[in-house]
Amino acid sequence: MSNSKPDGYDYQVVSPTNHAGLTFRFLKPAEFKIADLPEKTLDFSKATEFMPLAVAITPIGPMVFSVGARPAYEDGTAEQWLDFLLREEGYEHTPITETRLGNLPAVTCEGLQKADDLVMKMRFFLLEDGGRIFHVNAMAPEQFWSNALQKFEPMFTSFELRDSRGTKFPLRPGGAVPAAAATAAVEKSLPAEEAKPAVEKSSTARLTQKEVAALALGEDTSSLDPEERMNANLRNNGVGLVPRLVSVDLPSKSARIAAGAVQGTFRIPLGWRAMDDGKRTLVFNGGDGGIQVNLSQRRTEGLSTQDFARGCLNQYLEREPELPVASLALDSIAGAGVRGAKIDDETLDQYFLVRDLGREGLYLVARVTASGKDATRALDLAGDMMATFEAPDAAAR
């Protein structure tokens, strides 16, 4: 999906507090204002209960665009769920048909709501994603519905979940589970001519000996020598200390180092540099290319690893809501990233990989920074570091 915008529209990012996995965005016309949502105690045991996520409304008309979410029901299809919800609300509606909301498989229909002398026309969408139901509704007075629909159309076609997890239920009885949008691809939301499929990661993070060797920048451990000139200068300027060298594997041209900041050991290719300041461990190439992998332990904040990774992107998306977003799945490692972010006057890709090590209240987090052309190498490096991380009792002592 292209990031081009019609005149008068801007992307609205909605990131519900404590529910990072429900973050979404859509193109909002300038005249629509985001309404304050009342506090509500939710009871999802009630089949019609939805968590309100956003309501965009015009002061005159009015035209209303709303989004809500709830856990999926135990069985059934999207068509059956939408029909049930509308019957419970007392809405008569047109036949339910298959469609797409943005790039997500959904069902839709139209209905009428009569209140006093005002007749409102509505379009309903319902989609299921990763065991969650999203209910989207657009509403306007019947007498100018056709004009309102033109205003709503970019809102429908731009709707995008930041954490799409794939569909689990069919859209209609007897149908197959539909193919979901390609949300794991890093080129998502880029124009076709800018897409770079080579940046996609496979489902495994640990590299082979040959793959690790291909990332090596040297043949020996001189880059990990505390007294090497650059390392000594960094130490003397208070940047940090070189982590302890644990072992060397010549066939893979790699070394295992022990990092105190993250309380464990992991593998890096020879020639790469590492610094540890007690709070984080930085692995970098020290020359052109500017690849940096920053390892640290962070509080889980009660989030899943995937939601935590997605939440790390908010600082960039608040400034630049149109940034393309990627989801990564690497063994037991969750990941998310943005491409082309403005960071310290540079345009860089920023990814976060998160792994649960079973440490109470803590995740191991890798912040990966690189130019677009180096993103694949950077993710290969960081993924292998995370996958080979071990926490022996003697590590980093």
(request) Please determine, by comparing only the residues of the range 91-107 that are without any contact (Cβ under 8 Å) to a residue 24 or more places away in the chain and assigned to a strand (DSSP E or B), which one is surrounded by the fewest Cβ atoms within 10 Å (Cβ to Cβ). (result) 97
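Restrict the check to the range 272-294 and report whether at least one residue is assigned to a loop (DSSP other than H, G, I, E, B), of a type in the set (Lys, Arg) and more than 21 Å from residue 355 (Cα to Cα).
No, every residue in the range 272-294 fails to be assigned to a loop (DSSP other than H, G, I, E, B), of a type in the set (Lys, Arg) and more than 21 Å from residue 355 (Cα to Cα).
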(message) Residue pairs, Cβ under 7 Å, 6 or more apart or interchain, first in the range 313-324 and in contact (Cβ under 8 Å) with a residue 40 or more places away in the chain and part of a loop (DSSP other than H, G, I, E, B), second of a type in the set (S, T, N, Q) and surrounded by fewer than 18 Cβ atoms within 10 Å (Cβ to Cβ). List them.
(response) 322/3
(request) Check whether at least one residue in the range 379-394 is in a strand (DSSP E or B), over 16 Å from the mean Cα position of the chain (by Cα) and surrounded by fewer than 21 Cβ atoms within 10 Å (Cβ to Cβ), and report yes or no. (result) yes
(request) Could you please find all residues in the range 350-386 being without any contact (Cβ under 8 Å) to a residue 60 or more places away in the chain and of a type in the set (Asp, Glu)? (result) 356, 360
(request) Give just the number: which of (1) assigned to a loop (DSSP other than H, G, I, E, B); (2) over 31 Å from the mean Cα position of the chain (by Cα); (3) among the small types (Gly, Ala, Ser) does residue 247 not satisfy? (result) (1)
(request) Check the range 41-52 and report whether any residue there is touching a Phe, Trp or Tyr at 6+ places or on another chain (Cβ under 9 Å), in contact (Cβ under 8 Å) with a residue 24 or more places away in the chain and closer than 23 Å to residue 147 by Cβ. (result) no
(message) With within 13 Å of residue 126 (Cβ to Cβ) and surrounded by 18 or more Cβ atoms within 10 Å (Cβ to Cβ) as the only criterion, which of 53, 86 stands out?
(response) 86
(message) Please determine whether any residue of the range 271-292 is free of Cβ contacts under 8 Å to residues at least 60 places away in the same chain, farther than 30 Å from residue 159 by Cβ and of a type in the set (S, T, N, Q).
(response) yes
(request) For the range 9-24, enumerate the residues that are out of contact with any Lys or Arg (no Cβ under 9 Å at 6 or more places or on another chain) and either of a type in the set (Asp, Glu) or touching a residue at least 12 places away in the same chain (Cβ under 8 Å) (or both). (result) 16, 18, 19
(message) Can you tell me how many residues within the range 341-364 are β-branched (Val, Ile, Thr) and crowded, with 22+ Cβ neighbours inside 10 Å?
(response) 1
(request) With respect to residue 120, determine if the residue is touching a residue at least 40 places away in the same chain (Cβ under 8 Å), in a strand (DSSP E or B), buried (at least 18 other Cβ atoms within 10 Å of the Cβ) and assigned by TED's automatic domain parsing to the domain that holds residue 77. (result) no
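The values are calculated or read from the model by the stated rules, or taken from the named source; none is laboratory data. Since we're looking at a predicted model, the values are computed, not measured. Positions of Cβ are backbone-derived with ideal geometry, glycine not excepted, and every protein chain shown enters the neighbour counts.
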